[in-house]
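Notes for the one structure printed next.
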Amino acid sequence: MRVSSRITATLLAGAALFAVSTAPALAQQASTTEVEALRAQVQALMARIDKLEKAPSTPAGPPASKDAPLVSADAFKAPQVTQSGNAKVKLTLSGQIGRAVEFADDGFDSDMMHVDNAQSSSRIRASGTAKLDDSWTAGTDIEFETQSGSSRSTGFGTDSGAFTINERKVEFWVQHKEFGRIWVGQGDTATNVTSEVDLSGTSTLISHTDVGSLFGGVVFRNKATRAAGPNVNAAFNNFDGMHREDRIRYDTPTFGGGFMLSTSVIEGGATDFAARYTSKIGDTEVSGAIGYADNDSRTGFDTQTNGSISVKLASGFNVTLAAGTRDLGPRDSDFWYGKLGYISKLTSLGNSAFVIDYYTQEDYSSLGADAKAWSVGYVQTVDAFAADFYISYRNHQYDTPTANFKDVNGVISGARVRF
């Protein structure tokens, strides 16, 4: 150890100095050459001591984390051990587990399903950032979705244990604080999440415009014949932009007190444009987005326009509205969505969020199709676990001009744990 080395060196130097100080008394037994050699050894030892004093000390254990603790100082906190293989890049490793249990009834049969919540799926990500100077920053994102039985596709009798790994993001970006950011690779298009702006504290888990993400694999059953119709995921679509694609995207810096503009050019020739606004007016939080996408020659649809806005008062009450229209070629489809919510810290655990919502859609799965859904739900955040626990009930309705179907009713309960 360094401390013992310093002690040893100091003792040796002291012994040598003592020998030099007594040199006159020993002059009759030692030659002048020997005395000079001893002085040289003393000088070397003193130089060594000086070098040891100036060298940085080695800590006895890993350095204390500078991260702000998730919980109070006297609670458990895991050591921060992640580090980058490149000293110039700051690496952040994070992710989440999102598991739930669903119970659904299609009017004739019922089933319990173990699922991965597709609204906020299990995933792992590694993000890197590097700073050139006060103006230029660059970064990378790699994010994979790791699902076992997605709630978007799991239905009655479906093997909920099917495990999949899907790419969400594989991209890099470069940003200038005055000119904005450019993204390249697989990631969010400019219009992604423009139908999903929401300040209720529930949207990434339950009560969401993406109705098909929770009980998506459960099919509607014909009231008269019991025949299977479309599943829930096929009957609803919130036209949420162009989702995640291989693209080049540009975002402006924030301007005008909270506005930002974005555009992207997507593989296959599609393009989209979005405007976002996030700000606080007094004690009221306001966030909104509007998007337009041209699918070019790609299949699925021609163009679409969509948007959402959410307002949260200082009291915790909040309201969210969303709408969109899509040109499907032979017909247009429209949706409307409304939500009322309340957030309050009722316990020391964390925020409690309560919500009720309603969704309606026309002409999506077929001409004349009418799809509706409503839900109530509750989310409890537990700050000490970095987790959100929830429970929600949702009703789904679907009819066409030629057939009436039984409602699909479902209850989902689960948790998202972030790391």
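The values are calculated or read from the model by the stated rules, or taken from the named source; none is laboratory data. Not measured: the values here are computed from a predicted model. Note that we place each Cβ from the backbone using ideal geometry, even for glycine, and neighbour counts take in every protein chain shown. Only protein heavy atoms, including side chains, enter the accessible area calculation; ligands, DNA and RNA are left aside. Shrake-Rupley method; radii C 1.70, N 1.55, O 1.52, S 1.80 Å.
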Quiz item: In square angstrom, what is the accessible area per residue of segment 132-248 with a 1.4 angstrom probe?
Solution: 42 Å²
Exercise. Please identify every one of the GluC sites (Glu not before Pro) in segment 237-315 that sits in a loop by DSSP and has no more than 13 other beta carbons within 10 Å of its own beta carbon.
Key: E267
Quiz item: Sorted by accessible area with a 1.4 angstrom probe, largest first, how do S148, S153 fall?
Solution: S153, S148
Quiz item: How much accessible area does R247 have with a 1.4 Å probe, in Å² rounded to the nearest 10?
Solution: 10 Å²
Practice problem: Starting from the residue with the highest accessible area, list L199, L313, L91 in decreasing order, probe 1.4 Å. | Solution: L313, L91, L199
Quiz item: Which shape class applies to segment 238-371: rounded if a/c is under 1.5, otherwise prolate when a/b exceeds b/c and oblate if not, where a ≥ b ≥ c are the square roots of the Cα gyration tensor eigenvalues?
Solution: oblate
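Do any chymotrypsin sites (Phe, Trp or Tyr not before Pro) in segment 106-149 lie in a loop, going by DSSP, with at most 13 other beta-carbon atoms within 10 Å of their beta carbon, and if so which?
Numbers: sites: F108, W136, F144; in loops: F108.
In loop regions of segment 106-149 (DSSP not H, G, I, E or B), the sparsely surrounded chymotrypsin sites (Phe, Trp or Tyr not before Pro) are F108.
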Practice problem: Subtracting the Cα-Cα distance from 0.36 nm times the residue separation, let me have the gained length for N395 to A44 in nm, one decimal. | Solution: 117.8 nm
Quiz item: Given K312/K339; K169/K372; K131/K280; K345/K372, which pairs have Cα atoms separated by over 23 Å?
Solution: K169/K372; K131/K280; K345/K372
